[in-house]
Each structure stands twice: as C-alpha cells, then as structure tokens.
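Right, one structure below, let's go through it.
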Amino acid sequence: MAAAPAAGGAARGRGATSFQRKAAAGSRLAAVAGTRPSVRHGQLLLSSGLPSLDCVLGGGVAVGTLLLIEEDKYGLYSNLLFKYFLAEGVVCGHDLFVASAKEHPDNILKELPAPLLDDTYRNERGEEATAVKSEDFQDSMKIAWRYQNLPKVEASPTTSTKFGHYYDVSKTMSPELFQSIKWHSFYLPEELSLQPKMKTHNMNSAYSRLLQSIQRIIYQEGFDGSDPQKKLKNILRIGIQSLGSMLWGDDICSSDTPEYIHSLTKFLYVLRGLLRKSLSACIITVPAHLIQNKAIMERVTNLSDMVVGLESFIGSERETNPLYKDYHGLVHVQQIPRLNSLICDVSDTKDLAFRLKRKLFTIERLHLPPDLSDTVSRTSKQDLAESAKLLSSGCGAMAIGKKHLDF
C-alpha cells in the first residue's frame, strides 16, 4: 500500500504535476484555421493579408468587426488591400462573400495576388537589404562617424510572431486554390435584373438586397453558431467594394442633401449587428474623397470598428517632393477598436507611408531624409522644411519653422 504514494512522489519529483488547467468554453474557437486569439483582449483575430497592417491594427482584424478603407483618389491602392484581404481568406480556407456594383466578383477573384512562399519572401527581403547596404556603403563617408554604428530602425511595423502571408502582386493566384473553399458573389446589376422591384424601409434598395444576401449566407451556412453539432468551424470573409458610390444608387457623392441621407449609416448599423453575432469579418472600401457632406462621413467612421485612409501621391505636389521620393502615399489610421477594454492598442508610430515595390505592397514608418548635400540651394532647403511641417508629431516635431536638419 505504501508503494503507490512513493511512486506518485517520484513522479512529482521528476517534474510531473496533477494540476490540470480547465479550458474555457470559448477557447475552442482558437482552433479555427487562419486565426489566433489576441494576447491583449482575448478576441479571435484573423490577418488582413498584409502583416504590416495587422501590426498597425493591434495584431489583426478581430472576428465580428468591420474594417473600413477610405479609398485613395484613383482607387489603385485601396483595391490592393481589398484583394489582399480576400487572398488571405483563400489561403486560410475561409469562405468568401464578394459584393460589387462596378466589377463582377468573378473577375475580382481571378485577379487575386499569388501567395509568396517563405523562401521567396526571404529572397525578396534579402535583395532589398543588399541594395540598402550598398547604398549605405556609398554614403558612409558623408555621415558622421558617431552615427554609423547606431542600430537601424525597422522600417516596416512587425510583430515577434508570424501571422498572415505575403503575396506577389505581379502574379495572380492559381485556380487550384479556389477548389478547396466556398465563395458567394453579389453583383448588383444581376440582382436588379432578377428582382426589379423591392420594398425598402427608408433605405436604398441596393443596400437592402445586399443585407438580405449577407444575412441569408450567415444563417444558411451556420456562421451564426445555430448548428452546435458542427464541429469544424470556419470564418466568413465579407468584401464590399466602393460602397456609397453612385454605382450603388446612392447620391451622397453627388449632392450635399441626398435623398436618403441615412441610408448608408442604417446599412452599416444593421451590418455590424450581423457581424457581432457571427463568425465573420468584413472589409469595405468607401470613396471618402467624393462624399460631399462630411457629416455623413463622420457617422460612417463612428459606425465602423477600424478606419484606415490611403492618400496617394499620384497627381499631387508630393509626387515630386524629395521628402517622399521613396514612397507612393501616406497611411492615416483614423480609428482602432476598443475590444474588451477601455483603451485601444495605440501604435508607437503615427507617421506611416506605403510603397509598392516590385512584388510587395508594404506599409512602413515614414522617416525624414537627412540633408547631406552642401550644394543644395536655399529654396530647396526651405521646401524640405515646409514639407516636414506636414508630418505629425514624431518626425515633424524635429523640424521647426524653416530650419533644416544639420548633421
């Protein structure tokens, strides 16, 4: 009889313990492919398809939330973020719901960027690092010796753990990857031809049709948790392109006093209710620069969980400004959600820019270039100082008035 306690004591002496942590009931959601729980607020996160954007948003896009992208002037770069979000869903095996009034969803899916393997991504980063080192070696005699050995600041916001994938914008995704997922489409011209007339309640008919389609997919496919016997859970990624434009039958982009002034805000209010009680996440692009009534845009921002604005340099004075020669536009993080906490995850850097490389689209920290030339004219130095004042506190606080940086 004494042998049993002795054996138990020997087992505990070897590091074993009888304590077993009881798992929470909601921890099973962490087993969903392509997701991970947040270490800050415990919410289930999924990647936006751009790891640098995930870091800016506090780790990723939380399940049940809405990510709003304010389109750039020509809609080039916002369309890339839209496709990255959908491409990440294909790689992770998530279900997709793509809605558009401009381009057919079939064509959008055919143009999704191809995923990059880890080795290929390392090679791309290695070539870029080699180019940077060669450039630094050429300028090594121009920089003061006391600054040469300082550690370099990481340009792109990153996290310690790998989350999400990288994509090659120069190639399209192979059709074989679509065979393992389910996707649903909503093309407004086709929906109008199937059902010309529809009763609406103070809302645009296109928005009402879209809400009914999203609600039907969530309930029929079991994303609302109505089927407890379904052991294999999945995520529904919803993508809506250029919502609020005139192609959706909304006149907020053409009039200060639209006919249905609360139509878009009602749609977002109902959509957030559907997202909150389902395993889904949504990305919406909005032409914010075309909306005439700025009060409507403020309501749209308040009804979204995350708001990110893109400002392209195409056709602006900053395109030829030497301060922004390495970038293609600025990133404005307008809103970050407060999930299960009183405060939100605030990024340590507010000055963000994006650039489109040969194969990669990245978001990086915006740095002021040093004035290394002695032959720069006085007017160009003043232009640099004026451009520096456009930056927010972080880099802009270093340039006061018309003084330039001296090294």
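Things worth noting here:
- Hits in region 60-85 (condition: out of contact with any His (no Cβ under 9 Å at 6 or more places or on another chain), open to solvent by less than 10 Å² (accessible area, probe 1.4 Å) and not aromatic (Phe, Trp, Tyr)): Gly60, Val61, Gly64, Thr65, Leu66, Leu67, Leu68, Ile69, Ser78, Leu81
- In region 252-263, the condition of being in contact with a Phe, Trp or Tyr (Cβ under 8 Å, 6 or more places away or on another chain) and open to solvent by less than 30 Å² (accessible area, probe 1.4 Å) is met by at least one residue.
- Test: residue in region 172-195 that is of a type in the set (A, V, I, L, M, F, W, C) and modelled with pLDDT under 75: no
- Qualifying position, being over 30 Å from Glu311 (Cβ atoms), assigned to a loop (DSSP other than H, G, I, E, B), out of contact with any Pro (no Cβ under 6 Å at 6 or more places or on another chain) and at pLDDT below 95, among Ser255, Ser278: Ser278
- Whichever residue in region 265-321 is of a type in the set (D, E, K, R) and under 21 Å from the mean Cα position of the chain (by Cα) and, among such residues, is surrounded by the fewest Cβ atoms within 10 Å (Cβ to Cβ): Glu298
- Flag for Glu154 being more than 30 Å from Thr265 (Cβ to Cβ) and either assigned to a loop (DSSP other than H, G, I, E, B) or modelled with pLDDT of 90 or more (or both): yes
- Thr265 meets each of the listed conditions (1) part of a loop (DSSP other than H, G, I, E, B); (2) in contact (Cβ under 8 Å) with a residue 12 or more places away in the chain apart from (1).
- Conditions (1) over 18 Å from the mean Cα position of the chain (by Cα); (2) modelled with pLDDT under 95: number failed by Thr35: (1)
- For region 96-107, a residue qualifies if it is surrounded by fewer than 20 Cβ atoms within 10 Å (Cβ to Cβ) and touching a residue at least 24 places away in the same chain (Cβ under 8 Å), and the qualifying residues are Lys102, Glu103, His104, Asp106.
- Output for region 64-79, where each listed residue is of a type in the set (A, V, I, L, M, F, W, C) and at pLDDT below 95: Leu76
- Selection status of Leu247, open to solvent by 80 Å² or more (accessible area, probe 1.4 Å) and in contact with a helix residue (DSSP H, G or I) (Cβ under 8 Å, 6 or more places away or on another chain): yes
- Here is the figure for region 336-364: residues that are open to solvent by 30 Å² or more (accessible area, probe 1.4 Å) and modelled with pLDDT of 90 or more total 2.
The values are calculated or read from the model by the stated rules, or taken from the named source; none is laboratory data. Predicted model only: the values in this text are computed from it and were never measured. No Cβ is skipped: glycine too gets one built from the backbone with ideal geometry, and neighbour counts run over all protein chains shown. Remember, those area values only see protein heavy atoms, side chains included, never the ligands or the DNA or RNA. Shrake-Rupley method; radii C 1.70, N 1.55, O 1.52, S 1.80 Å.
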